[in-house]
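To start, the structure itself, in structure tokens.
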Amino acid sequence: MKLPKTDSIRELAEFWDNHDVADFTDELVEVSERVFARRPGTAVTVPLTASERSALRDLARISHSPSSRDSREWPGCESNGDFATKA
């Protein structure tokens, strides 16, 4: 069986729901450049209550991660005062 030649998300999802990537190792190619790039300025903002922000700060402190004010420095994240994560 060959990998599908389609850009249809639905068709690809259906294909991978029924197949395992291990069955296609002979067709896989390693790439060194980025294949999917996020458009600049695209982000998803997650509004949080005060208690949710507090809980997230506590988790950051426990895991030695940056605080909410520094969430823009988290890999793949940016902040505008609220927590935000890129789409």
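Any read-out appearing in this document is the output of simple, stated calculations on the displayed coordinates, not a laboratory observation. The shown structure was predicted, so the numbers you read here are calculated from the model rather than taken from an experiment. Here Cβ is always computed from backbone atoms with ideal geometry, including for glycine, and neighbour counts include all displayed protein chains.
Figure the gain on full extension for PHE36 and LEU48 (residue separation times 0.36 nm, minus the Cα-Cα span) and round it to one decimal in nm. Write down the numbers at each step before the final one.
Numbers: separation 12, 0.36 × 12 = 4.32 nm, distance 2.89 nm.
Contour length minus Cα-Cα distance gives 1.4 nm.
Of the peptides 26-37, 41-52, the order by per-residue mean of other Cβ atoms within 10 Å, starting with the highest, comes out as 41-52, 26-37.
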